[in-house]
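Q: Below is a structure I'd like to ask you about.
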């Protein structure tokens, strides 16, 4: 049974430029790893500038009818979705980030095949917001719980700090090692969590099996802002309908890889002749979305490790 006492473990910390193998060793060991310096100070500043205005237009709290989901979203938390439309810096430096994709490819391609973006949302936790209920990101695909800790990954979440994360301002709390618990329906207790403390530009990478939740913001006037930047296996339905919320003129300026992340390219999970197609053909070609090369050509070159 998982421990209910205070967890004294700490998540490993690895430089974002240390390479995906070092990052994955730490991730597999603890279920989470802090990537130091994923974004530069200039990139952080640019992204904050871009999301300031749309965030200011949002009211804190949730408009959902379910009381449990309202509590999950947080009474003094703002959640800005649709970042593919709201932030050029997000599109340029996170959606198409080489190290994030190298990590995702090394996890998803051998296990389940291709992957795409499920959500990318700014989460700003304001003063007085209570700690979020503990959860696993794969909870919305509960069949993965039945596969146990050795089952394939459904989700990878890069929690990217746009302000410093601390124990008192709502920094995410994680239970190290919870990705390896025999029963993934068990969520542990708040006493078993540790705070993720990191600087703006750092990221905390966790698997969909790792128990976590936003921390309580116990400050008087400090807001904790970060991005949940999340990939999932391409045979699963994304949380955000990017193909409908991203303007076509924006899409046409993206790389093929970025287009594939948001549904403008077909998906090729393991064991499948392809998903998200038209007449069994690459959807990007069918709708006339320009690109350097088609995904079919990429497949012929062996770019996808299926």
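Q: Answer yes if at least one residue in the range 196-205 is surrounded by fewer than 23 Cβ atoms within 10 Å (Cβ to Cβ) and closer than 26 Å to residue 141 by Cα, and no otherwise.
A: Within the range 196-205, none of the residues are surrounded by fewer than 23 Cβ atoms within 10 Å (Cβ to Cβ) and closer than 26 Å to residue 141 by Cα.
Q: Residue by residue through the range 161-191, note down the ones that are in a strand (DSSP E or B) and under 24 Å from residue 144 (Cβ atoms).
A: 173, 174
Q: Show me the helices (runs of 4 or more DSSP H) found entirely inside the range 243-293 where at least 3 residues are touching a helix residue (DSSP H, G or I) at 6+ places or on another chain (Cβ under 8 Å), buried (at least 17 other Cβ atoms within 10 Å of the Cβ) and on the phi < 0 side of the Ramachandran plot.
A: Those helices (runs of 4 or more DSSP H) span 256-261.
Q: I would also like to ask the following. Look at residue 45 and say whether it is closer than 16 Å to residue 164 by Cα and either in contact with a strand residue (DSSP E or B) (Cβ under 6 Å, 6 or more places away or on another chain) or without any contact (Cβ under 8 Å) to a residue 24 or more places away in the chain (or both).
A: Criteria met by residue 45.
Q: Identify, by number, the condition in (1) free of Cβ contacts under 8 Å to residues at least 40 places away in the same chain; (2) surrounded by 23 or more Cβ atoms within 10 Å (Cβ to Cβ) that residue 98 doesn't meet.
A: Condition not satisfied by residue 98: (2).
Q: Which residues, taken from the range 230-256, are closer than 19 Å to residue 109 by Cα and at pLDDT 95 or above?
A: Within the range 230-256, 230, 231, 232, 233, 234, 235, 236, 237, 238 qualify.
Q: Oh, and also: Restricting attention to the range 114-142, which residues are surrounded by fewer than 21 Cβ atoms within 10 Å (Cβ to Cβ) and assigned to a strand (DSSP E or B)?
A: 121, 135 - these are the residues of the range 114-142 that are surrounded by fewer than 21 Cβ atoms within 10 Å (Cβ to Cβ) and assigned to a strand (DSSP E or B).
Q: Is the range 57-68 home to any residue that is exposed (fewer than 15 other Cβ atoms within 10 Å of the Cβ) and assigned to a helix (DSSP H, G or I)?
A: yes
Q: Can you say whether residue 77 is closer than 30 Å to residue 150 by Cα and in contact with a strand residue (DSSP E or B) (Cβ under 8 Å, 6 or more places away or on another chain), as far as the supplied structure shows?
A: For residue 77, the condition - closer than 30 Å to residue 150 by Cα and in contact with a strand residue (DSSP E or B) (Cβ under 8 Å, 6 or more places away or on another chain) - is not met.
The values are calculated or read from the model by the stated rules, or taken from the named source; none is laboratory data. Predicted model only: the values in this text are computed from it and were never measured. In this analysis, Cβ positions are derived from the backbone assuming ideal geometry, glycine residues included, and neighbour counts consider all displayed protein chains.
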